[in-house]
Amino acid sequence: MPPPRERSELRIVPEACYPSWEAVYDDNVTWVYRLLYARLGSRSDAEDLTSEVFLAALRPLRLSASVAEVRSYLRATARTVLAAHWRATMGREITAIDDDVAAPDPDPAEEAGTAPQRVATVLAQLPPQYRRVLELRFLQGCSVRESASEMGVSVANAKVLQHRALRLAAQINEGESR
């Protein structure tokens with residue numbers, strides 16, 4: 001006999017409809033943000049993509065849809081927005097979104113694991129400019145403008161360098177994991 005489900009997994013979804021777009025946003029923004037943050041690990045990217053999800057859903061979504069239908073549509077929209085984000089930044093689609101709405105808080109010991117060593121290995125294999133732009137952007141938390149200034153290049157050039165560096169880092173990481 002399977003163990004009983006924990007209470008935290010159960011959710012009552014009313015059949016009623018939302019009274020306004022503000023109610024749709026207020027009721028769903030937190031779980032959409034958490035879902036995207038769990039996949040991206042970046043607050044600013046998660047905030048941007050959360051906005052994109054709601055903007056993309058605004059036109060085709062109808063207020064006469066039930067709460068469950070709205071949530072299902074927002075989940076599908078989040079999957080599409082996330083796939084477009086990964087395609088644009090990494091050159092590949094990652095569209096798997098599990099059924100869990102909000103990722104649990106990560107275990108610090110588990111998270112620390114081998115990630116720093118893997119990052120160091122990948123960065124060591126990148127050309128110097130690619131390594132520098134990724135260090136500035138993701139390890140030091142600089143904006144694109146700050147990174148460009150630090151590197152002595154234009155903002156557009158920094159964006160291109162970051163894009164190429166991320167693609168190459170993904171390829172290197174993929175090769176390392178095989």
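The values are calculated or read from the model by the stated rules, or taken from the named source; none is laboratory data. Nothing here was measured: the structure is a model prediction, and the numbers come from that model. Every residue, glycine as well, gets a Cβ built from its backbone with ideal geometry; the counts of neighbours run over all protein chains shown. With ligands, DNA and RNA removed, areas are computed over all heavy atoms of the protein, side chains included. Shrake-Rupley method; radii C 1.70, N 1.55, O 1.52, S 1.80 Å.
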*Give me the number: length gained by fully extending VAL119 to ASP26, i.e. 0.36 nm times residue separation minus the C-alpha to C-alpha distance, one decimal in nm.*
29.8 nm
*Which percent of the accessible area of region 114-178 is formed by carbon and sulfur heavy atoms (probe 1.4 angstrom)?*
50
*asked:* Expected output is a single nm value to one decimal: the length gained when fully extending between ALA16 and SER44, i.e. 0.36 nm times separation in residues minus the C-alpha distance. What is it?
replied: 6.8 nm
*Pop out the ³J(HN,Hα) list for region 48-62 in order, Karplus 6.51 cos²θ - 1.76 cosθ + 1.60 with θ = phi - 60°, rounded to Hz; leave Gly and Pro as x.*
4, 6, 4, 4, 4, 4, 5, 5, 5, 7, 4, 5, x, 6, 10
*Could you rank the peptides 70-77, 59-66 by their average count of other C-beta atoms within 10 Å per residue, with the highest value first?*
70-77, 59-66
